[in-house]
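Reading through the structure tokens given below for one structure.
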Amino acid sequence: MNDDDFPLVSFEFPEVVEYHFKPWHRPRKQYVRATIWGRYIESLVAAMDQDRPVRYFGLPGADFLDIRYFLNQFCIPNERKIRFVGFDASTQEGDDDLGSTLAEMHASLDAIAASDSATDSAGSLASLRRSPNVDPRSKVLRRRLESIADINSVARRIFLDEEPFDIVNIDLCGGIFPKPDNKGQYATELYDALRQIFGLQNRHHRSWLFFLTIRVDDQTVPHQINEEMAELIESNMSSSAAFKRDLVRLFPQLSQDFGAGRRLNSSEIIVGIAKWLVRLGVSKGMDSEILDVAAYRILDRSGPLDMATVAFRFSPVIEVPRGRVPLRDGAPVNANEAKWAGSIPASVNSLVDVDELLEELPELKRRAAEETATLLAETGRYTPESYLDWVDSGEGWKDGS
């Protein structure tokens, strides 16, 4: 990759106002975009009809860096459009006054995006929508992802009005697992939101990509979830010879106790998450394939891996076997679940430690930094020089962390 891979779109930006750089601006994120996500997006887009826009769902944030990369790398060079829907978790909830009908809601979102007095996120959306390669129906809701799970929410109505997406990119700052409140009850809105997403995707008649980025340190796995993950792993040990063989070879302790009742390391947590995603896909009538796994550090740059991204390809099951569908939500409805999960242990064991890789290959890190600088410059909020100075001065890591 080089600078030519990221042509600047001709937008009119206001005078540059420097913003503080965040952990997600570090060069490693661009490595994930280009090498992990980009590799599979390139193949998916190449197989699509030229006149159909790439449909993308994600959490773009104020800078829209992921969308800018996909637009520059895969859409502009190939004269293809992207149509995206996003949830901006960084803003306060406030979309319940958009209107009472879907037409009014969509019109209100368009007005917010075009407004000169809109937030930074909406201002970026307005500039992106001026690109001829961005479908003008692209939108961002100022809501949390979890709001999809609320049956009475505006977010849910707008989301379910969409067609299935070709790429779903759920990039979270925290964990996916619910934490107990002071009454010992678990909030499952994020789980439920993912089920809603998979329910919409069940209408897709083509393969689609799913990227999930979450915390994977042991503090993010409550005891109850630990037990449920253990049940999934034990079940697959019994039903898949390949899964059992690789788990015994690569994760011997996990193959013996299934992780129940003890603290898990990041790789073991990723195994459990990947197994749960396969189960979720099966429950919605989908085939699945784990494509790639990468991880890095956010709490301590010399500590254990605590953030991971997993890439999956899901495909519609053409023929669902006959038989009784279990009532228990998420239970297997297809005997192929064991087969689909069989490659998980080997995939997780070969995960890329992005921090380690970039330290070993400084030229790769520099290229990722320069590519990030190009993307950030498109927002009109940062200069390439200030960003590269930030990278060279330590990327915002505090001393001793």
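The values are calculated or read from the model by the stated rules, or taken from the named source; none is laboratory data. Remember, it's a predicted structure, so these values are computed and weren't measured experimentally. For neighbour counting, all protein chains shown are included, and Cβ atoms are generated from backbone atoms with ideal geometry for every residue, glycine included.
Need the failing condition index for ARG366 against (1) within 24 Å of ARG206 (Cβ to Cβ); (2) outside any strand (DSSP E or B); (3) at pLDDT 95 or above, just the number.
Only one criterion is unmet by ARG366, namely (1).
List, please: which pairs have Cβ atoms under 7 Å, are six or more places apart or on different chains, and start with a residue in the range 222-246 that is within 12 Å of ILE344 (Cβ to Cβ) and end with one that is at pLDDT below 85 and among the hydrophobic types (A, V, I, L, M, F, W, C)?
Within 7 Å, the pairs are ASN236/ALA338; SER240/ALA338; PHE243/ALA338.
From the set of residues in the range 237-278 that are more than 26 Å from ARG195 (Cβ to Cβ) and among the acidic types (Asp, Glu), which is nearest to the chain's Cα centre (by Cα)?
So the residue we want is ASP246.
Is it true that some residue in the range 342-358 is more than 24 Å from ILE36 (Cβ to Cβ) and in contact with an Asp or Glu (Cβ under 8 Å, 6 or more places away or on another chain)?
No: the range 342-358 contains no residue that is more than 24 Å from ILE36 (Cβ to Cβ) and in contact with an Asp or Glu (Cβ under 8 Å, 6 or more places away or on another chain).
With the structure loaded, tell me whether ARG313 is closer than 30 Å to VAL391 by Cβ, of a type in the set (Lys, Arg) and modelled with pLDDT of 90 or more or whether it fails that test. Explain how you work it out, then say what you get.
On the way: closer than 30 Å to VAL391 by Cβ: no; of a type in the set (Lys, Arg): yes; modelled with pLDDT of 90 or more: yes.
No.
Could you list, in sequence order, the residues of the range 337-360 that are part of a strand (DSSP E or B) and either modelled with pLDDT under 95 or among the acidic types (Asp, Glu) (or both)?
Passing the criteria: only ASP353.
What residue, among those in the range 295-310 that are of a type in the set (Gly, Ala, Ser) and buried (at least 23 other Cβ atoms within 10 Å of the Cβ), is nearest to the chain's Cα centre (by Cα)?
ALA308
With respect to the numbered conditions (1) part of a strand (DSSP E or B); (2) in contact with a helix residue (DSSP H, G or I) (Cβ under 6 Å, 6 or more places away or on another chain); (3) hydroxyl-bearing (Ser, Thr, Tyr); (4) in contact (Cβ under 8 Å) with a residue 60 or more places away in the chain, which one is the sole condition not fulfilled by SER288?
Single failed check for SER288: (4).
How many residues are of a type in the set (A, V, I, L, M) and surrounded by 21 or more Cβ atoms within 10 Å (Cβ to Cβ) when one looks only at the range 46-56?
Filtering the range 46-56 for residues of a type in the set (A, V, I, L, M) gives 46-48, 54.
Keeping just the survivors that are surrounded by 21 or more Cβ atoms within 10 Å (Cβ to Cβ) gives 54.
Adding up the residues that qualify gives 1.
Would you check if SER147 is at pLDDT 55 or above, surrounded by fewer than 17 Cβ atoms within 10 Å (Cβ to Cβ), under 18 Å from the mean Cα position of the chain (by Cα) and of a type in the set (Gly, Ala, Ser)? Even if it seems obvious, please write down each step before you answer.
Working: at pLDDT 55 or above: yes; surrounded by fewer than 17 Cβ atoms within 10 Å (Cβ to Cβ): no; under 18 Å from the mean Cα position of the chain (by Cα): yes; of a type in the set (Gly, Ala, Ser): yes.
So SER147 does not fit the description; no.
For the range 261-284, how many residues are buried (at least 16 other Cβ atoms within 10 Å of the Cβ), over 18 Å from ASP306 (Cβ atoms) and not polar (S, T, N, Q)? Before you say what the answer is, go through the steps one by one.
Of the residues in the range 261-284, the ones buried (at least 16 other Cβ atoms within 10 Å of the Cβ) are 264-284.
Cutting the leftovers down to over 18 Å from ASP306 (Cβ atoms) gives us 275-284.
Those still in the list that are not polar (S, T, N, Q) too: 275-282, 284.
So the count comes out to 9.
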